[in-house]
Amino acid sequence: MKLEGIHHVTCITGDAPRNVEFYVRVLGLRMVKKTVNQDDPSVYHLFYADEKGSPGSDITFFEYPGAPRGRAGDGMIHTTVFRVGSDEALDFWADRLRREDVMTHRVEGALRFEDPEGLGLELTTTDAPDEGLVAEHPDIPAEHRIRGFEGVRAYASDPERSRALLEQALGFETQGDRTWLVQGDQRRGWIAYDPPPSDRGLSGAGTHHHVAWASQMDDHETWRERVIEAGMRPTPVIDRFWFRSIYFREPSGVLFELATLGPGFTADEPLESLGESLVLPPAFERFRDELERSLTPLPDARALRAASA
C-alpha cells in the first residue's frame, strides 16, 4: 500500500477573476472544474490542472471575495513546487514571467516567484521518472510546459514531531533532516520543512490551505486506520463526488488530506468541456439558481487559453 505522491494542493484567493487569468493564461494550466466549496457553498472552488484533470497536477482555490492578504507561518505550507523539463524551460519561464511583471528568483535548478496575491510558487527540474502532466497552451512550447507537482514546502519549528507519522504511518522516506518523500507505483512527491519566520501565520488570500496525498480507492479506509493508530484525529471519509477525502493535521500543524484517485473530474463532464460551466455535486444542485446569481463572474477560461499572451 503506497501513496501516489501529491493529489492536489488547495489555496485561498480573494480575487477569482485575476486568479483565473494568472493560472490559465500566464501559467498555461487548464481550468478543469468550476464548482463551489462543499463546506461553504457560497464561495467558488476552482481547479486548475493538466489537459485531463489528472491527480498530481491539480492546484485548487477557494475564493473569499475581497479577503485580505494572509501570510505563511509555522505549521503552514508556503510554496507549491511544480516540475518542468529542463534548464531551458526555466529560462523560458523567467522571460515569460518577467514580461508579465512577475518578479522571479533563480537558484540552481529552480525558479521561484509569487502569484498576484503573494502565493509562493516554484518551478524545478527533476529526475523523477513520472509521466509529465501537461496542459495545452498556444504560447507555451510543449517542452516548456508545467508537468505536475514535485513537492510542497512548509514552515515547521520542529519537524521531528512529524517523523513518526510520515515514516511509520504514511510510508514516506527521509531525504535528510527536513524533507520526506513518498514514492508510489506511478508518481512521487515530497514535503520539506523550513524554519518558520518570527511572525505568526495568518490565513488569507495568497496562502495555502492544505495538501492532499493520493490514495488508491481500495486503500482509503486502511490509511485512515493507520492515521488513527499514529495518534491523529482524522475526519470520517467525506465523499467529494470527484474523489473521497480524509483530513487531519499532522504534528507540525500542516493540514493533510488523503484523496482517492477516482472517480475523477469526467464523472459529470465530458473531457473536452471540463471547467467551462458551473458544476455542482448532486447534493448542491438545488442551490444552483441562487449560486449563479451570487458567485463572482469569471473570465472565459477557454478564451484565455486561446488568446495570445
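The values are calculated or read from the model by the stated rules, or taken from the named source; none is laboratory data. For clarity, every value in this text was computed on a predicted model and none was experimentally measured. Cβ coordinates were reconstructed from backbone atoms using ideal geometry, including for glycine residues, and neighbour counts include every protein chain displayed.
Some values worked out for this structure:
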quantity	calculated
Test: residue in the stretch 183-202 that is without any contact (Cβ under 8 Å) to a residue 24 or more places away in the chain, surrounded by 13 or more Cβ atoms within 10 Å (Cβ to Cβ) and of a type in the set (D, E, K, R)	no
Subset tally (residues that are outside any strand (DSSP E or B) and over 22 Å from Arg224 (Cβ atoms)) for the stretch 140-196	20
Selection count, the stretch 215-238, where residues are part of a loop (DSSP other than H, G, I, E, B) and surrounded by 17 or more Cβ atoms within 10 Å (Cβ to Cβ)	4
Among residues of the stretch 287-302, those that are over 14 Å from Val32 (Cα atoms) and not in a loop (DSSP other than H, G, I, E, B), counted	8
Residues of the stretch 91-127 satisfying the condition of being surrounded by 18 or more Cβ atoms within 10 Å (Cβ to Cβ), of a type in the set (A, V, I, L, M, F, W, C) and either over 23 Å from Thr60 (Cα atoms) or in contact with a Gly (Cβ under 7 Å, 6 or more places away or on another chain) (or both)	Phe92, Leu119
Selection from the stretch 243-290 of residues that are polar (S, T, N, Q) and closer than 18 Å to Phe47 by Cβ	Ser245, Thr260, Thr266, Ser273, Ser277
Contacts under 7 angstrom Cβ, first residue in the stretch 273-286 being in a helix (DSSP H, G or I), partner at pLDDT 90 or above, 6 or more apart	Phe284/Val36; Phe284/Pro41
From Pro129, Pro55, Pro41, residue being in a strand (DSSP E or B) and under 25 Å from Thr260 (Cα atoms)	Pro41
Scope the stretch 263-293; condition hydroxyl-bearing (Ser, Thr, Tyr) and surrounded by 13 or more Cβ atoms within 10 Å (Cβ to Cβ); matching residues	Thr266
